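Just below is one structure, and these are the notes that go with it.
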Amino acid sequence: MKIASPLESHILFTIGPVPISQPVVTTWGIMAVLTIGCWFLTRRLGLRPTRTQAALELVVDVTARQIRETMEAEPQPYLPLIGTLFIFLLVANWSSLLPGVEPPTAALETDAALALIVFGATLWFGVRALGARGYLRSFAQPSILLAPLNLVELFTRSFSLMVRLFGNVMSGVFMIGVVLSLAGLLVPIPLMALEMLTGAVQAYIFGALAMVFIGSAISETNPSPKAPNHEVSS
Amino acid sequence: MRIDWWTLALQAINVVILVWLLARFLFRPVMGAIAARQTATDQLLADAETAKTAALKLEADLKAQTDAFAADGDARRTALLASIEAERSRLLDAARTETDAKAKLALASVEDAQKGMATQLEEKAAVLAGQMASALLHRLPAGGTTDMMFAALLERIERLPVEERRALAGDTPLAIVTPAALDGEAQARCVQKLAEALPGLAAPNFTVDPALIAGFELHGPHMLVRNSWRADLDTQLAALKEDDHAGLRG
């Protein structure tokens, strides 16, 4: 059995000149499920919460509290981005549990797109909070001599964000595929459970690092906002 | 390795759209629900605080009202007690005054009754004394008492001043009153002796009055000489009355 290269994109169909690859279609499916599910779950919110509403509020409130504690700022402007990144990555990473579905985060383009969004969001929120000059001046902190390093870090950390996610998810999928091709149906199950854990951890790491990057951008006096309690590097 | 830029662009667009969709259908409604609950909770707390403040104010007002009622009740009770005490004193004074007046009236009435009874008793006593004296007198010889009383009359006449004896002698017609009729000899003897005591005496008349009990009296138009037990009893009675009046005045 030939195992496809995880670095190759599989084009399913084209719309005009635009090729539609498998990760894009999977992402659309995830978007549809999340959107419809959220619409269904949030259509009847009230002052007296049901169990479902309580669970939703718990997720949102925990995310908002994480943003507040990590970025030391009000979470409202950042909650949709950070929360969406976490939920999407979690669902995308766990989508590999469905038979025949390959997680979109196992494709380098998806992780690059996510890292690019975090990169753009960092610039956007930093300029909005400090102004263009203030944001540029923040690169010269604590010394002008460190400005080149800070500039390089701006790109490298986004790149590391992409590579970390891609490496973890892709390796898990690839390893499960290899084991599945060699040992049969039941043997990969422990690896799949481990992949679930890895997927959740990677979703959390990606969201936490996005908070750290944006938090450092909006804080002129505190370029390194408080990191979450957990170790986020992998 | 080859990067599919179309996929990268589409995935970036997809994630941006997903951010908008989840913001629209998840984060905004849930945050809105949390904010609404927080607002409702704050409103409830504010309402509870307001209600608590109002309750405390109402409690203070009620306490003040109760205290005012109690103070007013005390004042009214004190005023009522004072009024009752004043009315009691007034009634006691009125009753005391009325009682005193009634006691005085009763005392006066008793005194009047006693006085009337005393007078009646005195009069009865006088009458009884007269009857007893008359009864006792009948046991004595008639001549002895008559001579003795006539001698007393003569002695009394002799103690009168000369002018009065002269006036008595000329006060005609003069009547000699006796309790019983005198015989002719006794009348002649009486006239003789009176003529000796009263020179120029005209012939007197003899009149009988049993009320005299004993003795002789001379009754003229202008003068009167009493010398009888009746006169003595009357004198005693008048003296007793005078003593009673003097005792009441004292």
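Just a few scattered comments:
- Simple label model, 7 Å out from Cα along Cβ direction - B:Leu137 to A:Val179, nm: 17.7
- Under 14 Å, Cβ to Cβ, from A:Phe86 - net charge with Lys/Arg +1 and Asp/Glu -1: 0
- Pairwise Cα separations in the protein assembly as shown fall into 10 Å bins from 0 onward with the following percentages, short to long: 3, 12, 14, 10, 6, 3, 3, 3, 3, 3, 2, 3, 3, 3, 4, 5, 6, 7, 5, 3, 1, 0.
- Legend: ranking of residues A:Phe206, B:Phe206, A:Phe125 from fewest to most surrounding C-beta atoms inside 10 Å; resulting order B:Phe206, A:Phe125, A:Phe206.
- The length gained by stretching the chain between B:Ala113 and B:Leu224 to full extension, at 0.36 nm per residue less their Cα-Cα distance, is 36.5 nm.
- Residue exposure sequence - A:Tyr135, A:Tyr78 - by fewest surrounding Cβ within 10 Å: A:Tyr135, A:Tyr78
- Per residue Cα convex hull volume in Å³ - calculated over the range B:1-114: 100
- Debye-formula intensities of the range B:126-199, expressed as log10 I(q)/I(0) at q = 0.18, 0.21, 0.23, 0.25 Å⁻¹, are -0.84, -1.01, -1.11, -1.20 (one equal scatterer per alpha-carbon, no solvent).
- When +1 charges are put on Lys and Arg Cβ atoms and -1 charges on Asp and Glu Cβ atoms, the dipole computed for the protein assembly as shown relative to its Cα centre reaches about 3300 debye.
- Expressed in Å, the radius of gyration and Dmax of the Cα atoms of the range A:15-218 are 19.3, 59.
- Mean Cβ count within 10 Å, highest first, over the residues of peptides B:11-21, A:164-174: A:164-174, B:11-21
- Counting lysine pairs in the protein assembly as shown whose alpha carbons fall under 19 angstrom apart, excluding pairs fewer than 8 residues apart on the same chain, gives 6.
- Assuming charge only on the beta carbon of Lys and Arg (+1) and of Asp and Glu (-1), the dipole of chain A about its Cα centre is about 460 debye to the nearest 20.
- Rounded to 10°, Cα long-axis angle of helix A:22-41 versus longest principal axis of chain A: 70
- Kyte-Doolittle mean at least 0.0, axial Cα span of 24 Å or more - DSSP H helices of chain B: B:5-22, B:142-159
- Ranked list, fewest to most other Cβ atoms within 10 Å of each Cβ, for A:Glu69, B:Glu158, A:Glu195: B:Glu158, A:Glu69, A:Glu195
Quick note: the coordinates plus some simple rules give every number you see, no bench work behind them. Keep in mind the model is a prediction, meaning the values are calculated, not measured. Note that each Cβ is placed from the backbone with ideal geometry, even for glycine, and that neighbours are counted across all protein chains shown.
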